[in-house]
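Below is one structure, written out as structure tokens; the observations come after it.
The values are calculated or read from the model by the stated rules, or taken from the named source; none is laboratory data. Keep in mind the model is a prediction, meaning the values are calculated, not measured. Glycine gets a Cβ as well: all are built from the backbone with ideal geometry, and neighbour counts include every protein chain shown.
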Amino acid sequence: MSDCFFLRKELKERFIKDLTISERLFFLNKAQESIFQKGFPACEDLYHFCYFLTLKQRLSSITPAGYYGFQKVLLVYGMKDLEDTIELHEQRLKAMKKALPDNKDFEFIEFFSKAK
């Protein structure tokens with residue numbers, strides 16, 4: 001199947017446009033871990049869960065210039081917002097948890113693995 005019928009194309013475009021190559025690999029690793037180890041289903045919630053985990057990883061690599069300052073405040077509040085959003089999507093995914101992955105789950109990984 002060339003397209004993932006259960007995901008919007010806008011998500012893949014956002015994935016390609018917003019994330020660097022290393023961040024895409026991080027996203028795919030988190031998606032694979034979530035599907036095969038945690039039993040989360042492939043869906044938009046999984047996309048958002050992995051996307052925000054990737055943004056959290058990006059944000060954690062930023063270090064503020066000084067001990068005090070507006071940048072540090074933005075980082076702290078930004079990280080808190082990301083953590084809340086991640087937790088929300090994780091709770092939704094836990095509610096839909098399943099025992100074994102199916103074809104839809106493999107298609108999710110394949111859909112985002114392809115360049116375009």
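Looking only at the range 27-55, count every residue that is surrounded by fewer than 17 Cβ atoms within 10 Å (Cβ to Cβ), within 26 Å of Leu75 (Cβ to Cβ) and of a type outside the set (Asp, Glu) and tell me the total.
1
Scan (1) within 20 Å of Arg24 (Cβ to Cβ); (2) touching a residue at least 60 places away in the same chain (Cβ under 8 Å); (3) surrounded by fewer than 13 Cβ atoms within 10 Å (Cβ to Cβ) for the single condition Phe111 breaks and write down its number.
The number of the failed condition is (3).
Go through the range 16-35 and give me each residue that's of a type in the set (Val, Ile, Thr) and closer than 14 Å to Lys94 by Cα.
Ile35
Does Leu7 qualify as being part of a helix (DSSP H, G or I) and either of a type in the set (Gly, Ala, Ser) or surrounded by 13 or more Cβ atoms within 10 Å (Cβ to Cβ) (or both)?
In short, no.
I'm trying to understand the selection: among the residues of the range 68-78, which are of a type in the set (D, E, K, R) and not in a helix (DSSP H, G or I)?
none
Just to be sure I understand, how many residues within the range 79-107 are at pLDDT below 90, in a helix (DSSP H, G or I) and surrounded by 12 or more Cβ atoms within 10 Å (Cβ to Cβ)?
Number of matching residues: 4.
So how many residues does the range 36-57 have that are over 19 Å from Leu88 (Cβ atoms) and part of a helix (DSSP H, G or I)?
Residues in the range 36-57 being over 19 Å from Leu88 (Cβ atoms) and part of a helix (DSSP H, G or I): 1 in total.
Given the condition of a type outside the set (A, V, I, L, M) and touching a helix residue (DSSP H, G or I) at 6+ places or on another chain (Cβ under 7 Å), answer yes or no: does some residue in the range 66-75 qualify?
The answer is no; no qualifying residue exists.
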